[in-house]
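Data first, discussion second: the structure below is written as structure tokens.
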Amino acid sequence: MKMTQDELKKRLVDYVNLKFEIRKEMRYEDVGDYFGNKIISFDMKDPIVNNSIMLHEFIEYTLIKSAGIPVSMIDDFDTKPETQDIHPEEYALYSKFHNMANRVEAQFIKNLGLDWKAHNKIINTTPVEVAMRKIESELHKENPSEEKLEDSREIIEEVFKK
């Protein structure tokens with residue numbers, strides 16, 4: 001079935017409003033994320049690593065959108081493994097797109113004369129600060145930091161607006 005122009009436009013990334021951000025805390029334990037018009041990297045304290053994460057997430061996001069897979073489904077695949085069996089076709093596409101993004105990211109790292117395995121180890125072992133956990137731990141303190149609560153609250157509110 002052929003899609004209308006409007007249906008096709010919904011599957012494109014809005015490059016005019018697309019934003020890239022580096023954050024000190026994330027929605028869940030992953031170094032990269034995307035939703036709305038944002039591509040996000042956890043602050044890895046290394047511009048090469050942050051660039052590679054942004055590249056990976058941009059490719060994955062563009063392919064996910066073009067396939068008509070909602071970001072909320074990708075979030076479920078990442079956080080609720082049981083949803084992979086509920087949507088096997090979409091999960092197969094997501095896995096394919098993720099692997100494609102990994103190959104491009106690996107080439108980017110190799111182009112810079114760096115070791116992909118060492119880079120990948122950094123990506124997979126860096127502890128990620130998760131906004132919800134930060135709020136929880138802060139609320140258990142006798143004198144919670146208003147600033148830390150406010151920073152995390154903004155991220156969590158943004159998630160619920162999407």
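Read-outs throughout are calculated quantities, based only on the coordinates presented, and are distinct from any laboratory measurement. Predicted model, so just to flag it, every value in this text is computed and none were measured. Note: ideal-geometry Cβ built from the backbone for every residue, glycine included; neighbour counts use all protein chains shown.
Miscellaneous remarks
- Charging the Cβ of each Asp and Glu at -1 and of each Lys and Arg at +1, and nothing else, the dipole of the range 5-129 about its Cα centre rounds to 480 debye.
- Table column - 3J(HN,Hα) (Hz), the range 27-36, Karplus curve with 6.51, -1.76, 1.60, x for Gly and Pro: 6, 8, 6, 8, 7, x, 7, 7, 5, x
- Relative packing of 73-85, 43-55, which averages over residues the other C-beta atoms within 10 Å, highest first: 43-55, 73-85
- Rel. contact order, % - alpha carbon contacts under 8 angstrom, at least six apart, the range 5-129: 27 percent
- Entries of Lys38/Lys117; Lys38/Lys65; Lys10/Lys38 with Cα pairs more than 19 Å apart: Lys38/Lys117
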